[in-house]
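Notes for the one structure printed next.
No lab work stands behind these numbers, since they all come straight from the coordinates. Source: prediction; values computed, not measured. Glycine gets a Cβ as well: all are built from the backbone with ideal geometry, and neighbour counts include every protein chain shown.
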Amino acid sequence: MTRVLFLTRYPVEGASSRYRVFQYLPHLERHGVQAEVQSFMDTPMYRLSLSSGRTGAKIAATLRATLRRLRALGRWRRYDALYLQRELLPFGGPVVERWLKHRGAVLFFDYDDALFIKKPSRYNWIATALRSGDKTRELFRLVDCVVAGNTWLRDTALEAGAQRAVTLEVAEDTRRIPMHAPHSNDRPVTIGWLGSPSTVKYLRFIEPVLQKLAQQCPQVRWEIVGGNDFQMEGVDWRLGEWSLDGELDALARFDIGIMPLPPEDWARGKSGGKARTYMAAGVVPVVSAIGYNLELIRHGETGFLCESLEDWERSLARAIEDAVLRQRVALAARAEVEARFDPATIAAEMARVLREVIADARKR
């Protein structure tokens, strides 16, 4: 039995930790990996992190979380490997990581975002000040293996000096997500966006298109889940809070799911989570034609890829008008996810990588 301590940034409510670690745990056990998880943030801290202000409370929560993590690391010799999901600590250089490595710990670093690009926090200037792309590059060179969410992230790690890097695409469990009801225009079509307050601002990139469609198609219903109090003049967005169960309810209401991204390297680091979730639910994805989305979606078959505002308008208008097209795309998209992104299959690959890297490290 291979024992691995997974050190996640978030509890199960946080999408990156849920998708990159938690969903694989039952399957890893079947492949001889005894997994334990220690999350830096607990659920109250995670909810606090999504709110504006309250700097003092956030500092106190970070200190408590740091103590919890250091206590967990005090038992590091019990494990064959430590699996860092995004980071060990949210501040400072990789001092603890270097200490662990020097004493013989086998370290993995898992990331599914361009963490080497410094992005300002929407909520807290302190969080922005503590972020460092250089730290991520140092970790690439320090750990035994980088596990990346897409090939661009993998190649970036290798170019920065990683001794070993692999791509592990993000799974999507269709057993968790019910298939959408047959698409029809017998009821208002819903265009939805699902995500977090930090990324809802990217709807601004296609704002003129959404405003025009809202005027031309008054029958369309508009919904945002997880975007807090986002508003857009001329578009009557219905706003809802995100939760695990609420996500499933929202996906059942959505007919078309949108995912605009900025035309920059940060977007190339995204691993398609939102689009893949739409696909799994039988919601038609209409997304920016950038980065991993180009590997994920076949234009016109499992979704729509858009470069220009004209592309967005044309694709959304087609999807709104043609329920037969929506149904065909929805079925193909769901089948693609079932075949390509099954959690059991990707967990088996993760278990293989874990065993292989650990075995190689023991030989040194």
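Size of region 202-273 along its principal axes in angstrom, Cα-based, largest extent first?
36, 31, 22
Provide the net charge surrounding His27, with neighbours chosen by a C-beta distance below 13 Å and charges set as Lys +1, Arg +1, Asp -1, Glu -1.
The answer is -1.
Give the aspartates and glutamates whose C-alpha is closer than 12 Å to that of Lys212, dropping any in the same chain fewer than 8 places away, or say none.
Within the straight-line cut-off, Lys212 pairs with Glu233, Glu310, Glu313.
Report relative contact order for region 200-338 in percent, whole number only (criteria: Cα-Cα under 8 Å, sequence separation at least 6).
Computed value for region 200-338: 21 percent relative contact order.
What percent does the relative contact order of the chain come to when contacts are Cα pairs within less than 8 Å and at least six residues apart?
Taking the mean separation of contacting Cα pairs over the length of the chain, I get 16 percent.
How much mean residue ellipticity at 222 nm does the chain get from its helices, if each DSSP H run of length 4 or more adds -39500 (n - 2.57) and you divide by all residues, to the nearest 500 deg cm²/dmol?
Value at 222 nm, helices only: -13000 deg cm²/dmol.
In terms of modelled amide H atoms, which long-range or inter-chain residues lie less than 5 Å from the amide H of Gly269?
Ala114
For labels at Glu233 and Arg221 in the simple 7 Å Cα→Cβ model, what's the distance in nm?
About 2.8 nm separates the two model spin labels.
So if I take the alpha carbon set of the chain, get Rg, then get Rh from the Kirkwood formula, what is the Rg over Rh ratio?
Rg/Rh: 0.98.
With +1 on the Cβ of every Lys and Arg and -1 on the Cβ of every Asp and Glu, and nothing else charged, how large is the dipole of the chain about its Cα centre, in debye rounded to the nearest 20?
The calculation lands at about 1840 debye.
Between the helical axis of 343-363 and the dominant principal axis of the chain, each derived from Cα atoms, what acute angle in degrees is found, rounded to the nearest 10?
The angle comes out at about 20 degrees.
How far apart, in nm, are the 7 Å Cα→Cβ label points at Ser196 and Leu294?
Computed distance between label sites Ser196 and Leu294 equals 2.6 nm.
Please list 281-291, 226-236 highest first by mean number of surrounding beta-carbon atoms within 10 Å per residue.
Going from most to least packed, we get 281-291, 226-236.
Once the dipole of the chain is set up with Lys and Arg at +1 and Asp and Glu at -1 on Cβ about the Cα centre, which of Leu158, Leu203, Ala361 lies farthest towards its positive end?
Ala361
What size of dipole, in debye to the nearest 20, comes out for region 174-293 about its Cα centre when the only charges are +1 on Lys and Arg C-beta atoms and -1 on Asp and Glu C-beta atoms?
340 debye
State whether region 292-350 is rounded, prolate or oblate according to the following rule on the C-alpha gyration tensor (a ≥ b ≥ c being the square roots of its eigenvalues): a/c under 1.5 gives rounded; otherwise a/b larger than b/c gives prolate, and the remaining case gives oblate.
Oblate shape, in that a/c is at least 1.5 and b/c is the bigger or equal ratio.
Going down the list Lys58/Lys270; Lys270/Lys363; Lys101/Lys201, which pairs span over 30 Å between their C-alpha atoms?
Lys270/Lys363; Lys101/Lys201
Calculate, in nm to one decimal, what Glu356 and Leu325 gain on full extension: separation in residues at 0.36 nm each, minus their alpha carbon distance.
6.7 nm
Normalised by the number of residues in region 1-119, what is the relative contact order in percent for Cα pairs under 8 Å and 6+ residues apart?
Relative contact order here is 33 percent.
Can you give the Rg to Rh ratio of region 1-77, both from alpha-carbon atoms, with Rh computed by the Kirkwood formula?
Expressed as Rg/Rh, it is 1.04.
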